[in-house]
Amino acid sequence: MMKRFCFMVPAIALLMLTACIRPVDGPDVDPAWMQQASTEKLADITYQINVYSFADSDGDGWGDIRGITRHLDYIESLGATGLWLSPIHEAGSYHGYDVIDYNSVSNKLGTETDLRELIDKAKAKNISIYLDFVLNHSGKLNNWFQDASSNPSSPYRDYYVISSNPEADVAARKVDNFAGAYSPGMGSWHIMNQDGLGYKGRLHFLLDWNNKTVTVTETTEAAQPSNPSATRWIYYGSGVLAGLYETGTGIYEITVDFDSDWGFLIRTSTSQWDGGHKWGGQQGQGVTFGSPYKINNSTAADIVFSSESLWYFASFDSSMPDLNYGPYAKASESPAFKALGEAASKWIDMGIAGLRLDAVAWIYQNQTAANVSFLKQWYDYCNTAWKAAGGSGDFYMVGEAWVDTAEKMAPYYGGLPSNFNFYYWYTLKDRINRGKGDDFAQTAIYFQNLFRRYRPDFIDAIKLSNHDEDRAANDLGRIKEKEKLAAAVLLTSAGKPFIYQGEELGYWGSKSQGDEYVRAPIKWTVDGSVPTNALNGKADFGMLTGSISVEYQENDSDSVLNVYRAFAKARNAWKALAKGSAAAVSSPSSSVALWTRTCEEQVVLVAHNFGTSEQSVPLADYTLDKCIVSNGSVTVSDGTLILGPRASAVYLQ
Ligand code: MG
């Protein structure tokens, strides 16, 4: 016998082939609890925004802060109590991760007044604003780096990872940023300043092949033409080859009017570079006029003229020099830490309620213990600033410790209250694509047990994709029912869910086309344009059609957007779904994921069918007469839950 349908019209529900979302409005929702959930931010759903592409308020084709303020109702409709903004500071690139000034708001995105307005209006809706703060590196155009590059006595040289002899310094374990490691794991050294590398004037070269040295001297002797019968050459400038004259056994010489801004190399072939034909020096070791300089054909770095030439280290590309915080145990005493701390304090004083920290595994080069020590110091600093500014509770901070495995990430909870759980999404997409649900809950709980070992009050920042990954829809084969299932799972899982701009509309996009394609603007209306100037026009207009727009999906009961809204609303309405602890329930079907969420006296049963065929799940030990929210075909018969393909349902116990 049918005990209860989750649909308004049971007879029709049985025959329904398309997905259906049951709204949570109605007698099931306790209005008092909804108010409490909102006030206490129990739902803690956070929405991730690319400020440059979310919404454009002034028609310049760039998304901006006022664009966000205008759409706070939309963000509220997704149940979000937090907003993570992509970096808002003046930066060298559209995405903002190469910061020029940590104390500024990029004029492309708005003003400090705009930010204050956003903070205030969001606060009125119980929405907190989190800034993306980039601690691992600054932009190359940052005044700190510009001064450090050009001024030998610059105080900002302490802010960066600089060496005149990287190989020797790394080998001697002198580079604090590597925290005692020899290999950085990622990143490379770059010439800090082109000045002083080259030389212009008449020079005499003496190559001693017996000892593999070259001696360079300034001279007023007459310059010589290149020796057409040479077997050794000086290579410099824009491809100049000067053939040397053999003047003794293994001794080669020439005088030339030298002009090269990068130094020189020695070649034993005019046509080949490899096979040991290129001879050069050691990185960062310049020649001294009149002194023999040792050459080699292994490292074979450009031989430069300044013994003062400097190199800087960058984990990512050369436009983003890594910041230096000195020995990790005393990082908070470093000038860079203090400067960034002052900047963070400014924003916290303004009302920013949290930070998302970029690339925290690379602050010290993939050195977990050093990074954790640093992050603890940084968190304590910001939390103190938060409390001094009158903030209630603790400051929120979430780290991007994007390392291979959850086991390697878990120790980061020793430094931060919250970290992104990339492994949650890896697991979820794998299980959805395989139609296997029965071990999902155990796996998600396994991750949380790992994190708990390092911080009992961990905040598991669960997510699908983000701005650095292929879109969730791509990973799910752009199958709409899979996207809805992923949304329903995310919003019924334990943890703090993050929804990435566009995911709620079923956006697709792959990084293989360029990062811009996973950072597309929101298509607000069926006919309206989208701001793509920040993305240099790189947007998939085949995707950004009227039917993917917010306007269209709001009016489409079958839309991805309405699944997000329904499940977010349910999460906000039921404390067990918002913050309850999770326990796996043994599943009789390999396709079906089952778990409970418990908060105080309230318990809910969560069920998702990851498979493509209908599944009947006997659940005699559970109550199936009060459905909080569902998606897809869901029916109940004699203690058996019948879940259609990729259907989801939550029952109050
Ligand atoms: Mg604009």
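Tabulated data
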| quantity | calculated |
| --- | --- |
| Sole exception among (1) surrounded by 15 or more Cβ atoms within 10 Å (Cβ to Cβ); (2) more than 25 Å from the chain's Cα centre (by Cα) for Lys123, by number | (1) |
| Residue satisfying condition, being under 24 Å from the mean Cα position of the chain (by Cα) and without any contact (Cβ under 8 Å) to a residue 40 or more places away in the chain, within set Tyr312, Tyr396, Tyr379, Tyr325 | Tyr379 |
| Residue within the stretch 566-578 that is in a loop (DSSP other than H, G, I, E, B), assigned by TED's automatic domain parsing to the domain that holds Arg431, touching a residue at least 12 places away in the same chain (Cβ under 8 Å) and touching a strand residue (DSSP E or B) at 6+ places or on another chain (Cβ under 8 Å) present | yes |
| Count of the stretch 311-335 residues which are surrounded by fewer than 20 Cβ atoms within 10 Å (Cβ to Cβ), in contact with a Ser or Thr (Cβ under 9 Å, 6 or more places away or on another chain) and not in a loop (DSSP other than H, G, I, E, B) | 1 |
| Thr635, sole failed condition from (1) more than 30 Å from Ile459 (Cβ to Cβ); (2) in the same structural domain as Tyr500 (by TED's automatic domain parsing); (3) of a type in the set (S, T, N, Q) | (2) |
| Residue list for the stretch 517-536, filter: closer than 17 Å to His467 by Cα and surrounded by fewer than 21 Cβ atoms within 10 Å (Cβ to Cβ) | Asn536 |
| Options Asp460, Asp468; residue that is in contact with a Phe, Trp or Tyr (Cβ under 7 Å, 6 or more places away or on another chain), of a type in the set (Asp, Glu) and more than 25 Å from Val617 (Cα to Cα) | Asp460 |
| Failed item, numbered, when Gly110 is tested on (1) on the phi > 0 side of the Ramachandran plot; (2) away from the ligand (no atom under 16 Å from the Cβ) | (2) |
| Contacts under 7 angstrom Cβ, first residue in the stretch 175-187 being more than 15 Å from Ser163 (Cα to Cα), partner surrounded by fewer than 16 Cβ atoms within 10 Å (Cβ to Cβ), 6 or more apart | Gly180/Arg173 |
| Condition broken by Gln146, with the remaining ones in (1) assigned to a loop (DSSP other than H, G, I, E, B); (2) among the polar types (S, T, N, Q); (3) more than 15 Å from the ligand (Cβ to nearest atom) satisfied | (1) |
| Filter result for Leu594 (within 26 Å of Ala573 (Cα to Cα), outside the structural domain of Gln442 (by TED's automatic domain parsing) and part of a loop (DSSP other than H, G, I, E, B)) | no |
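Results for (1) on the phi > 0 side of the Ramachandran plot; (2) crowded, with 19+ Cβ neighbours inside 10 Å; (3) part of a strand (DSSP E or B), shown as yes or no for each residue.
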| site | (1), (2), (3) |
| --- | --- |
| Ala168 | no, no, no |
| Lys174 | no, no, no |
| Asn177 | no, yes, no |
| Gly180 | yes, no, no |
| Ser183 | no, no, no |
| His190 | no, no, yes |
| Gly201 | yes, no, yes |
| Phe205 | no, yes, yes |
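Here's the yes/no breakdown for (1) more than 16 Å from the ligand (Cβ to nearest atom); (2) surrounded by fewer than 24 Cβ atoms within 10 Å (Cβ to Cβ); (3) at pLDDT below 95:
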{"site": "Val51", "(1), (2), (3)": "no, no, no"}
{"site": "Gly63", "(1), (2), (3)": "no, no, no"}
{"site": "Leu72", "(1), (2), (3)": "yes, yes, no"}
{"site": "Gly79", "(1), (2), (3)": "yes, no, yes"}
{"site": "Gly92", "(1), (2), (3)": "yes, yes, no"}
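The values are calculated or read from the model by the stated rules, or taken from the named source; none is laboratory data. Fair warning: this is a prediction, and the values are worked out from it, not measured in the lab. Positions of Cβ are backbone-derived with ideal geometry, glycine not excepted, and every protein chain shown enters the neighbour counts.
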